[in-house]
1. Please specify each residue of the stretch 146-165 satisfying the condition of being away from ligand 1 (no atom under 16 Å from the Cβ) and within 15 Å of the chain's Cα centre (by Cα).
2. With the requirement that a residue be within 19 Å of residue 97 (Cβ to Cβ) and not in a helix (DSSP H, G or I), what does the stretch 52-81 give you?
3. Within the stretch 166-189, identify whether any single residue is under 12 Å from the mean Cα position of the chain (by Cα) and on the phi > 0 side of the Ramachandran plot, and answer yes or no.
4. Is it the case that the stretch 321-338 has a residue that's at positive phi and either in the same structural domain as residue 206 (by TED's automatic domain parsing) or loosely packed, with under 10 Cβ neighbours inside 10 Å (or both)?
5. Restricting attention to the stretch 231-258, and to residues there that are within 14 Å of ligand 1 (Cβ to nearest atom) and assigned to a helix (DSSP H, G or I), which single residue is surrounded by the most Cβ atoms within 10 Å (Cβ to Cβ)?
6. Can you tell me which of (1) within 14 Å of the chain's Cα centre (by Cα); (2) away from ligand 2 (no atom under 16 Å from the Cβ); (3) buried (at least 19 other Cβ atoms within 10 Å of the Cβ) is the one residue 219 doesn't meet?
7. Going by what's in this entry, would residue 20 be described as more than 16 Å from ligand 2 (Cβ to nearest atom) and either over 21 Å from the mean Cα position of the chain (by Cα) or within 20 Å of residue 104 (Cα to Cα) (or both)?
8. Looking at the stretch 208-230 only, could you name the residues that are in contact with a strand residue (DSSP E or B) (Cβ under 9 Å, 6 or more places away or on another chain), within 16 Å of ligand 1 (Cβ to nearest atom) and not in a helix (DSSP H, G or I)?
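The values are calculated or read from the model by the stated rules, or taken from the named source; none is laboratory data. Given the structure is predicted, the values throughout are model-derived calculations rather than measurements. Quick reminder, even Gly has a Cβ in these numbers, built from the backbone with ideal geometry, and neighbours come from all protein chains shown.
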Ligand code: PEP
Ligand code: MN
């Protein structure tokens with residue numbers, strides 16, 4: 001498959017402070033000068049690369065808090081001066097970019113809703129043209145890798161090279177444990193296509209609940225993400241946006257201390273020998289798995305023929321509902337996550353319907 005040969009500036013050369021990983025923390029929204037300064041103080045010793053805060057909030061309902069707007073910029077600039085930590089803001093239109101450039105905001109990011117709109121992304125790319133501005137692109141809210149790649153390319157085409165991405169989860173018709181489905185295969189595929197692009201995970205928006213953040217953050221590090229963006233508020237319960245998913249500065253500090261860093265390679269011989277054996281076992285299981293799936297599809301085709309003969313629809317909603325319920329139940333007993341089992345059977349069912357439909361159109365009447 002086509003892999004774009006784009007080269008990006010590595011995170012360590014962005015001119016921002018960075019420990020073992022790249023960390024951004026701060027409130028979902030800037031709410032008052034005091035709140036911004038309190039959070040800045042709370043996270044000052046945590047070695048973050050930039051403090052985040054939203055000034056213009058993209059909300060589903062217009063009656064929700066839509067951010068304090070431009071007036072919050074000076075609060076952030078003050079926090080940067082007082083605590084000597086870089087700042088980052090979400091931008092959604094060229095006016096936001098202009099304000100951020102004017103105040104030398106260290107990092108800007110494009111939000112999930114904006115990434116879905118190529119016109120909006122192009123307008124931002126045009127506004128950033130000719131600058132060396134560090135920019136992160138959050139994944140589009142819908143699970144569409146093309147839109148994510150397209151947004152990166154629009155910035156790249158305008159000469160930007162300090163480009164990173166943020167995985168913040170995807171909308172799904174089926175809400176399981178998380179607010180937004182992690183759908184790890186999409187950021188993994190993005191990394192395969194653009195191996196140099198720095199990638200952060202935003203567990204706060206994926207989880208939607210404070211108590212799940214640690215496990216998603218650790219999962220991201222296990223997948224070799226370069227860093228994390230986490231929402232931190234001094235009084236999460238009173239936050240004007242995303243109250244359930246924000247954590248206190250002290251919780252943030254303890255969370256990052258508990259995370260374990262992983263490396264891709266090891267030169268330990270024992271590791272390699274055992275790993276090779278285990279990989280062979282996995283290869284064998286996967287080849288049985290493919291054979292089983294083929295058998296299942298052959299049966300599906302036979303069912304298709306039968307249904308056609310009796311003028312029955314390939315899709316049988318009740319049967320599908322039974323499959324979902326019984327497979328989720330069986331998976332649960334074996335400690336497989338509901339989300340995984342559902343996605344697996346959804347893909348299998350879709351392929352089976354395709355096989356049945358193929359038979360339905362390929363046979364003479
Ligand atoms: C945010 O970072 O607060 C935000 C609005 O995020 P997203 O664009 O991922 O929804
Ligand atoms: Mn938020």
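1. Correct list: 146, 149.
2. Scanning the stretch 52-81 gives 52, 53, 54, 55, 56, 57, 58, 66, 67, 68, 69, 70.
3. Checked the stretch 166-189: at least one residue is under 12 Å from the mean Cα position of the chain (by Cα) and on the phi > 0 side of the Ramachandran plot.
4. Within the stretch 321-338, one or more residues are at positive phi and either in the same structural domain as residue 206 (by TED's automatic domain parsing) or loosely packed, with under 10 Cβ neighbours inside 10 Å (or both).
5. Checking each candidate, the answer is 245.
6. The one condition residue 219 does not meet is (3).
7. No, not satisfied.
8. Once the filter is applied, which keeps residues that are in contact with a strand residue (DSSP E or B) (Cβ under 9 Å, 6 or more places away or on another chain), within 16 Å of ligand 1 (Cβ to nearest atom) and not in a helix (DSSP H, G or I), the stretch 208-230 yields 225, 227, 228, 229, 230.
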